[in-house]
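To start, the structure itself, in structure tokens.
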Amino acid sequence: MQSRAAQRKLANGIFVGLCGLATAIALAFLVAILWTLISKGLSGIGATLFTIDQPAPGSKGGLRNAIVGSLIMCGMGMAAALVIGILAGTWLAEYAVGTKAGAIVRFLNDVLLSAPSILIGLFVYELLVAPFQGFSGYAGAVALAFVATPIVVRTTEDILLLQPAALREAGMALGAGRALVIRRIVWRAARTGLLTGGLLGFARISGETAPLLFTSLGNQFYNANPSQPMASLPTTIFQFALSAYDEWQNLAWAGALLIAVAVLVVNIIGRILARESHLS
């Protein structure tokens, strides 16, 4: 009996040790990545990074055109993803629970959620770039919207399903229609969770490179017109990191650090909002 207990204790110790070792390895890789980003990217952070456009090979400059392009395309992409994602997630949670149509849409959304972003970029290229014979910021925004929408749909459905049925019953008891109850009561109660879904979608698309290579392509000059090829941080980092010029490589590290900090801040805000929503 004692030997059996000792075997269980040994097996438990080995399992806990393996879990701890795996966690330590994951943390070590994360620390190594962050240390590399900070040590190589921090020297490139400065006022010129935000005020000067990307330089010619061998000269100094900044990433203003890429930062502005990323903000414009991410903003347009998230605006489309929020509208489509919240409405689709609301339909799944409020009108399609237990239906065959809802199950099909939910399955297709999960497929799109796990689809490689390069396939989405190729699809948008055939849809908006090849027919019009030109790359554009609009095409890049559409590609980013395709990436972010499934995240918003899934988050919206999960958040709305967590809202108590008493909220809906109370609204309908006052004579309000179902659509009015959803807009005025359910969405208001779930607004923090809906915002969290939007932040998660933004964090996902802020570092996407593959879909933008097929759609917005890039632009070495400052351009705020989405109908023309537009620079972005991920594509500029990709271009500069492969170059042989030290100035471009330093800017690539600085841009990568900038994206990492932005994603970290967005994730922290999302977690804080999610915790406040859970507590309320």
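With only the Cα atoms considered, the range 29-123 has a convex hull volume of 183 Å³ per residue. For the range 15-35 versus the range 201-280, the inter-centroid distance based on Cα atoms is 26 Å.
Bridgeable lysines around Lys40 (alpha carbons under 25 Å apart, same-chain partners fewer than 8 residues away excluded): Lys60. If the chain linking Lys60 and Leu127 were pulled fully straight, counting 0.36 nm for each residue of separation and taking away their Cα-Cα distance, it would gain 20.4 nm. For Lys9, a cut-off of 24 angstrom between C-alpha atoms picks up no lysines at all, skipping any fewer than 8 places away in its own chain. Note on the chain: with a GNM built from Cα contacts shorter than 10 Å, the maximum mean-square fluctuation among Ala80, Ala139, Ala173 falls on Ala173. Computed over the range 85-128, the convex hull of the alpha-carbon atoms projects to a mean area of 3.7 nm². Counting 0.36 nm for each residue step from Phe29 to Tyr95 and taking away their Cα separation leaves a gain of 19.3 nm. The protection proxy used here, the mean number of other Cβ atoms lying within 10 Å of each residue, ranks peptides 147-153, 175-181 as follows, highest first: 147-153, 175-181.
Of all the options Glu208, Glu247, Glu169, the one that moves most in a Gaussian network model of the chain with Cα springs shorter than 10 angstrom is Glu169.
As a rough guide to protection, the peptides 20-33, 57-70 ranked by mean Cβ packing within 10 Å, highest first, stand as 57-70, 20-33. Look at the dipole of the chain built from charges on Cβ: of Ile159, Ala93, Ala6, the Cα furthest out on the positive end belongs to Ala6. Of all the options Phe50, Phe146, Phe135, the one that moves most in a Gaussian network model of the chain with Cα springs shorter than 10 angstrom is Phe50. The mean sequence distance of close C-alpha pairs (under 8 Å, at least 6 residues apart), as a share of the length of the chain, puts its relative contact order at 27 percent. Every helix of 4 or more DSSP H residues in the chain counts as -39500 (n - 2.57), and over all residues that averages to -24000 deg cm²/dmol at 222 nm. Mind giving me the nanometre distance, one decimal, between the label points for Leu180 and Asp158, set 7 Å out from Cα along Cα→Cβ? Spacing of the two 7 Å Cα→Cβ label points: 3.3 nm. Across the range 149-216, the volume of the C-alpha convex hull divided among the residues equals 89 Å³ per residue. Could you run the Debye sum over the Cα atoms of the range 175-280, one equal point scatterer each and no solvent, and tell me log10 of I(q)/I(0) at q = 0.17 Å⁻¹, two decimals? With one equal scatterer per Cα and no solvent, log10 I(q)/I(0) is -0.87. Length available on full extension from Ala115 to Val265: 0.36 nm per residue minus the Cα-Cα distance, which gives 51.4 nm.
FYI, it's all coordinate maths here, none of it is from the lab. Values in this document were obtained by computation on a predicted structure and should not be read as measured data. Positions of Cβ are generated from backbone atoms using ideal geometry, with glycine treated the same way; all protein chains shown enter the neighbour counts.
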